Structures are given as structure tokens and as C-alpha cells.
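Before any comments, here is the structure.
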Amino acid sequence: GVQLGASLDGDGYRLNGKKFMVQFAAAADRLIVLVRSGPQPTDIDLVLVDPKASGITLKRHKTMASDAQFEVSFDNLSVPASARIGASGAGWEHFQEVLTSGMTALAAWGLGCGEGAMALGTTYAKEREQFGKPIGSFQAIAHPFADAATVLAGARMITLEAAWAQDVGRPHKQLSMMAYLETSDATRTATKVAQNAFGGIGFTRDIDIQLFFRRSRQHELAWGSADALNEEIGAQVLAQLSRKSAAQR
């Protein structure tokens, strides 16, 4: 899927194309850019570029979360060979390694988003009264909060396990992806429950809960599709089961 072209130019590259949904591009000192340097699937490199260089244009996107994401256009940008990170053709491998490890941190971010939404929602449910009592005393409000707290607790455990495995040098690729998927689901549930407690006003910009709701949706969509991650996790689980079965025979 990497389309940004990096044609050879002496000892360096010429970059032409676009990258989309690049977070904080305007504030970055340097951008690490994944580029296609040839026709083969493995012809992928990582290069370091200055976002303020001549030949780069930044255009801010209007996003669901109203966060700082940019379209970055490269117009015949000259990049020296010294700006390449790692060996030629090793870009995709490095990118996948960093992305997988980073999913543990992304899972922790998502968990914090869900727990923050729950704090807002439960506080409101204890203060807002209807029929002479707090709305949190009604099962229609309390039970969804209980369900959301349960899934968040499970997401927290697998996120901590993934972080621990990464910290002590154990295999963590599968755990990191599972933690990201689990926290994405849990955060979606928690923010939805919390926002529903506020009723219609929860969808207005006057109430902070909408910030958590929109950020959770953006987070869920921005770091790889659930289908692709589920396929990879499923392949790893099946491979593990096959190895275990073979060892027992």
C-alpha cells in the first residue's frame, strides 16, 4: 500500500506524492517517511525529512476528533542517502516492528480515554436527578456502566501484560495487537455509555464528553483496521496451536 515514490537521484532520492492523516506534522522537527524506492514489494525505505524544506506542503485536515492531522505533499523533494534509516529495502520491517510495539502505548492511550469518559459519566449520573433521585440509581443507567467497567478492567489487564512482556524482552507482538483491539472495543463501549448518560446534551460541544467520544472513534480507525489485525492475530494463534499439536504427537 505504500505509494509515495522515491526515485533514485545520484546518491539520494527524489520524493513525489502525498501522505495523509499525519499527526502533528506542523509541530515536528523531522518526519520519518515510508517510501517506495522500486517496483518490488520489498522496495520500501524509511527516510528522515525536514517538514519545513522546500518541496513540502502541509494542509491541515478537518477530522472527526478535531486533532492536528495533516496532508503532507512532496513535490520533487531532494533527500540525501544519509537521510535513509537502516539498510535499503528494510523500511517495511522496521516500520512494522515500531508500529507493533507502539500499539501497547496506543492501547494505554485508549484505556485512559475510556476511563476518563467513565469518570465524567458516573459523576454526572450521581449529580443529575430525575423523579427525585440521581439517574445513576436507575438500572437503565447503572447496568451499562457496570458492563463498561467490566470490559475496561479486562482491557487494562491485557494492556499491562503487553507492556510487561515488552519491558522484560519477551515476545509481545501478539499481545500488543490484542491489547490495542481490546482497548479500542472497551473505549468505544465506555464512551458510548458515558455519553448516553448525558442524554442529548452530551452530543453538543458545550459538554466535554463529546471530546472523548470523538477521540475514541478516531483512535479506533487510525492505527490499522480491526479486520487486518484480527487476521494476523488469528494466523499467529493457529500457528501456535499447530506447533503445540505437533509437539504432543
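The values are calculated or read from the model by the stated rules, or taken from the named source; none is laboratory data. Since the model is a prediction, treat every value here as computed from it, not as a measurement. Using ideal geometry, Cβ is built from the backbone for each residue, glycine included, and neighbour counts are taken over all protein chains shown. Note: areas computed on protein heavy atoms with side chains; ligands, DNA, RNA excluded. Shrake-Rupley method; radii C 1.70, N 1.55, O 1.52, S 1.80 Å.
The table below gives the values:
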{"read-out": "Residue that is part of a helix (DSSP H, G or I) and modelled with pLDDT under 95, where the choices are 185, 147", "value": "185"}
{"read-out": "Tally of residues being among the charged types (D, E, K, R) and open to solvent by less than 70 Å² (accessible area, probe 1.4 Å) across region 48-70", "value": "2"}
{"read-out": "The one condition in (1) modelled with pLDDT of 90 or more; (2) over 30 Å from residue 68 (Cβ atoms); (3) more than 22 Å from the chain's Cα centre (by Cα) that residue 238 fails to fulfil", "value": "(1)"}
{"read-out": "Count of residues meeting criterion [of a type in the set (Gly, Ala, Ser), under 22 Å from residue 24 (Cα atoms) and part of a strand (DSSP E or B)] in region 69-105", "value": "1"}
{"read-out": "Search result, residues across region 199-210 that are assigned to a helix (DSSP H, G or I) and free of Cβ contacts under 8 Å to residues at least 60 places away in the same chain", "value": "199, 200, 201, 202, 203, 210"}
{"read-out": "Residue identified as in contact (Cβ under 8 Å) with a residue 60 or more places away in the chain and either of a type in the set (Phe, Trp, Tyr) or surrounded by 11 or more Cβ atoms within 10 Å (Cβ to Cβ) (or both) among 162, 226, 179", "value": "179"}
{"read-out": "Elements of type strands (runs of 3 or more DSSP E) in region 1-47, at least 1 residues being at pLDDT below 95 and either loosely packed, with under 12 Cβ neighbours inside 10 Å or on the phi > 0 side of the Ramachandran plot (or both)", "value": "5-9, 12-23"}
{"read-out": "Qualifying residue in region 194-206 (condition: within 20 Å of the chain's Cα centre (by Cα) and either on the phi > 0 side of the Ramachandran plot or at pLDDT 85 or above (or both))", "value": "no"}
{"read-out": "Residue in region 117-132 that is surrounded by 15 or more Cβ atoms within 10 Å (Cβ to Cβ), under 30 Å from residue 162 (Cβ atoms), of a type in the set (Phe, Trp, Tyr) and in contact (Cβ under 8 Å) with a residue 12 or more places away in the chain present", "value": "no"}
{"read-out": "Leading residue by the ranking (modelled with the lowest pLDDT) among those in region 78-115 that are aliphatic (A, V, I, L, M) and within 13 Å of the chain's Cα centre (by Cα)", "value": "99"}
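Table: residues versus (1) closer than 21 Å to residue 143 by Cβ; (2) of a type in the set (Val, Ile, Thr); (3) touching a strand residue (DSSP E or B) at 6+ places or on another chain (Cβ under 9 Å).
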| position | (1), (2), (3) |
| --- | --- |
| 189 | yes, yes, no |
| 204 | no, yes, no |
| 207 | no, yes, no |
| 213 | yes, no, no |
| 217 | no, no, no |
| 221 | no, no, no |
